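First comes the structure, then the notes that go with it.
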């Protein structure tokens with residue numbers, strides 16, 4: 001089969017290789033014929049070498065791609081919840097089901113989890129090996145290529161927005177920093193789950209237009225002066241919450257200035273450091289909350305919202321052979337929404 005693989009952390013290009021198709025080796029294994037695989041900024045960080053220390057035993061070359069959906073191609077002997085031909089979306093973690101993290105329903109805390117596209121071969125290929133516990137059957141109204149990126153970008157946004165919704169009311173003001181592949185989903189999740197007033201900020205004009213289309217109440221230009229614009233829209237008090245889908249390019253340094261007393265900084269994007277003086281934590285009583293992808297039920301709920309038309313991915317589709325063009329477009333800010341690779 002064809003697969004887009006990383007051969008060196010010193011090379012920002014993936015190579016299209018001919019590799020053997022995956023095979024069933026365990027009773028709960030499932031092989032999925034990939035119908036769509038999302039391109040994530042994490043993939044860029046992987047190419048840049050961020051996983052060299054996180055997964056030191058990972059041998060190159062290997063296949064990227066952790067946002068996947070498609071059709072069941074083959075199943076292990078004990079698989080009972082899906083059948084060959086079913087359209088499915090793939091939760092990014094292959095979890096064990098028996099550790100304490102899994103028992104609590106926190107799949108992302110699995111002690112023995114495997115992460116296709118990060119710790120083992122992923123979905124930038126014609127076929128993907130995963131586990132039965134990772135699969136959710138799609139509503140007939142949904143196509144794999146239209147929802148693939150919800151397997152990571154979607155549930156990452158969903159997880160953070162559920163935290164915001166649990167603490168919000170009709171007067172709550174929330175800033176969404178970055179309206180790219182995650183941010184435009186975040187706006188829709190906030191709109192579906194809560195009564196909050198949404199302020200969306202991005203440096204890119206196309207992203208700001210996307211923010212308007214997906215339901216933001218106010219859309220402003222990010223960059224220099226963004227703190228003043230947020231304060232103006234919040235009556236000088238600051239926002240109750242900021243969802244930072246960027247995590248770099250100076251945004252972490254700006255967020256504390258946007259928060260009101262008692263406000264919360266939800267860290268979602270990454271790349272730089274969050275540096276806040278202890279004085280601010282104490283006197284302003286602000287909070288910083290990390291967000292690690294999302295669990296299986298987050299994806300189940302998100303698929304329900306998608307089937308009802310409450311959340312829709314804005315996508316740009318590329319054939320797998322054009323993976324490097326997609327990467328260039330993401331680096332260059334020319335990709336609004338989410339890039340989807342189709343084998």
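Based on every Cα atom in segment 148-198, Rg and the maximum pairwise Cα distance Dmax equal 10.3, 34 Å. Considering every alpha-carbon pair of segment 206-263, the percent of pairs per 5 Å bin, from zero through the bin containing the longest distance, is 4, 18, 26, 29, 19, 4, 0.
Return 130, 54, 172, 42 ranked ascending by Cβ neighbour count within 10 Å, so the fewest neighbours appear first. Intermediate results must be reported in sequence, preceding the final value.
On the way: 130 25, 54 10, 172 18, 42 21.
Listed from fewest to most nearby Cβ atoms, that is 54, 172, 42, 130.
A convex hull fitted to the Cα coordinates of segment 213-316 yields 147 cubic angstrom per residue.
Site pair residue 25 and residue 280 shows an inter-label distance of 4.7 nm when each label is modelled 7 Å from Cα along Cα→Cβ.
By other beta-carbon atoms within 10 Å, ranking 89, 50, 283 with the fewest at the front produces 283, 50, 89. Taking all C-alpha pairs of segment 117-204, those more than 20 Å from each other amount to 48 percent.
When Rg and the Kirkwood Rh are both derived from Cα coordinates, the Rg/Rh ratio for segment 89-162 amounts to 0.97. Return one number: the angle in degrees, 0 to 90 and rounded to the nearest 10, between the long axis of the Cα atoms of helix 296-307 and the longest principal axis of the Cα atoms of the chain. Long axis of 296-307 versus the principal axis of the chain: about 80 degrees. Using Cα centres only, tell me the gap between segment 131-185 and segment 224-283 in whole Å. Cα centroid to Cα centroid, the span is 21 Å. Taking the number of Cβ atoms within 10 Å of each Cβ as an exposure proxy, the fewest-first ranking of 342, 84 is 84, 342.
Taking 37 °C and 0.692 mPa s as the conditions, I'd like the Stokes-Einstein D for segment 22-123 in µm²/s, using the Kirkwood hydrodynamic radius from alpha carbon pairs.
Working: Rh = 14.7 Å.
Diffusion coefficient, whole number: 223 µm²/s.
For the chain, the 222 nm mean residue ellipticity estimated from helices alone, with every DSSP H stretch of n ≥ 4 adding -39500 (n - 2.57) and the total spread over all residues, rounds to -7500 deg cm²/dmol. Across the alpha-carbon set of segment 154-290, the Rg to Rh ratio works out to 0.92, Rh being the Kirkwood radius. The value of relative contact order for the chain, using C-alpha pairs under 8 Å at least six residues apart, is 19 percent. Projected over every direction and averaged, the convex hull enclosing the alpha-carbon atoms of segment 59-99 yields 4.5 nm². If you take every DSSP beta bridge whose two residues both sit in the chain, what share of them, in percent to the nearest 5, is antiparallel? Once the DSSP bridges in the chain are tallied, antiparallel ones form about 50 percent.
Wrap a convex hull around the Cα atoms of segment 247-299, take a quarter of its surface area, and give that in square nanometres. All intermediate terms of the calculation are to be shown ahead of the outcome.
Details: hull surface 17.4 nm².
Taking a quarter of the hull surface, the average projection is 4.3 nm².
Gaussian network model of the chain, Cα springs within a sub-10 Å range: biggest mean-square fluctuation belongs to which of 323, 187, 220? Looking only at 323, 187, 220, the largest GNM fluctuation is found for 220. Sorted largest first, the principal axis extents computed over the alpha-carbon atoms of the chain equal 60, 40, 37 Å. Compute the relative contact order of segment 154-290 as a whole-number percentage, counting only Cα pairs closer than 8 Å that sit 6 or more residues apart in sequence. Reported as a whole number, the value is 21 percent.
Every read-out reported here was derived from the displayed coordinates using simple, explicitly stated rules and does not represent laboratory data. Bear in mind that the values here come from a model prediction, so they are computed numbers and not experimental data. We place every Cβ from the backbone using ideal geometry, glycine too, and count neighbours over all the protein chains shown.
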